[in-house]
Amino acid sequence: MHPVWTPLLLSLKVAGLATLLNLVLGVAAAYGLSRWRSPLRDFIDSVLTLPLVLPPTVLGYYLLVLFGRRGTFGAWLESLGIQLVFTWQGAVLASTVVAFPLVLKAARAAFESVDHQLENAARVLGVSEAGVFFRVSLPLATRGITAGVLLAFARALGEFGATLMVAGNLPGRTQTLSVAIYEAVQAGDDGAATLLVVITSITCVVLLMLAGRLVPDRSQLQIR
């Protein structure tokens, strides 16, 4: 296999797993925040959105403090035989944290746009809360959630700073697409860098176009 494709396949695996985790965690958090009425809601939303604005190196430092061998959770995981630092699983962790706010924001907006009268009608008909979520709220919010998931996948695919700090740069093991581009540029390998950049750019453009098609046109909504 050409060495260029190895980081691409690893990045796809890392981004895919990170997106699946964000799909579960982001949708759950978004639904809770969209339905919870508390003065703490905005504060919690701000904390969960921090990865969107914090520098990736700061996120990487936090993750090392928490999940490093001497970290808060790292020592406990080490006792269970689980190591995240300098592994591809660590890259999944970093990508998950960085891309999480994209799913959270899109899913919360989608849930808040659901007509509450439809949910209340289902409850009147005897549908349980779980049934209301899976049969009413979630289907109506699917388009917005899918758009957020696509954006999160694109963000996870291009993650660099936090991934480099947590997973390192081990060719064939933890070297993701963005890290491989950086190394190729540093090594003067313009051919490999150009190929990786083109692949990344095309993938992200396609994902952004798909996400854009899934987001409802506000002008059409207003006309209706």
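Some notes on this structure:
- Residue check for Val85: of a type in the set (A, V, I, L, M, F, W, C), touching a Ser or Thr at 6+ places or on another chain (Cβ under 9 Å) and under 17 Å from Met165 (Cα atoms): no
- Taking the criterion of being surrounded by fewer than 19 Cβ atoms within 10 Å (Cβ to Cβ) and not small (Gly, Ala, Ser), the residues of region 13-30 that qualify are Lys13, Leu17, Leu20, Leu23, Val24, Leu25.
- Residues that are at pLDDT below 85 and within 18 Å of Ala162 (Cβ to Cβ) within region 70-82 comprise Gly71, Thr72, Gly74, listed in sequence order.
- Every residue from region 83-123 that is assigned to a loop (DSSP other than H, G, I, E, B) and under 22 Å from the mean Cα position of the chain (by Cα): Gln83, Leu84, Val85, Phe86, Thr87, Ser113
- Within region 157-207, if we keep just the residues that are in a helix (DSSP H, G or I) and among the acidic types (Asp, Glu), the residue that is farthest from Leu8 (Cα to Cα) turns out to be Asp190.
- Applying a threshold of 6 Å to beta carbon distances and a minimum spacing of six or more residues, or different chains, the list of pairs starting in region 70-82 at a residue that is more than 15 Å from Val92 (Cβ to Cβ) and ending at one that is at pLDDT 80 or above and open to solvent by 100 Å² or more (accessible area, probe 1.4 Å) reads Glu78/Arg69.
- The residues on offer are Leu164, Leu157, Leu150, Leu170, and the sole one that is touching a residue at least 12 places away in the same chain (Cβ under 8 Å), open to solvent by less than 10 Å² (accessible area, probe 1.4 Å), within 18 Å of Ala94 (Cα to Cα) and not charged (D, E, K, R) is Leu157.
- Qualifying residues in region 43-68 (those that are without any contact (Cβ under 8 Å) to a residue 40 or more places away in the chain and part of a loop (DSSP other than H, G, I, E, B)) - the one farthest from the chain's Cα centre (by Cα): Gly68
- Here Ile82 fulfils each of the conditions (1) surrounded by fewer than 15 Cβ atoms within 10 Å (Cβ to Cβ); (2) in contact with a Phe, Trp or Tyr (Cβ under 7 Å, 6 or more places away or on another chain) apart from (2).
- Single condition Gly126 does not satisfy, out of (1) among the small types (Gly, Ala, Ser); (2) over 14 Å from the mean Cα position of the chain (by Cα); (3) part of a helix (DSSP H, G or I): (3)
- Residue match in region 110-117 (condition: without any contact (Cβ under 8 Å) to a residue 24 or more places away in the chain, surrounded by fewer than 19 Cβ atoms within 10 Å (Cβ to Cβ) and over 30 Å from Leu54 (Cα atoms)): yes
- Within region 184-194, the set of residues being within 27 Å of Gln89 (Cβ to Cβ), at pLDDT below 90 and open to solvent by 70 Å² or more (accessible area, probe 1.4 Å) comprises Gln186, Ala187.
The values are calculated or read from the model by the stated rules, or taken from the named source; none is laboratory data. As the structure is a prediction and not an experimental result, all values here were calculated from the model. Methodologically, a virtual Cβ is constructed for each residue, glycine included, from the backbone with ideal geometry; neighbour enumeration extends over all protein chains shown. Just so you know, the surface numbers come from the protein's heavy atoms only, side chains and all, with ligands and any DNA or RNA stripped out. Shrake-Rupley method; radii C 1.70, N 1.55, O 1.52, S 1.80 Å.
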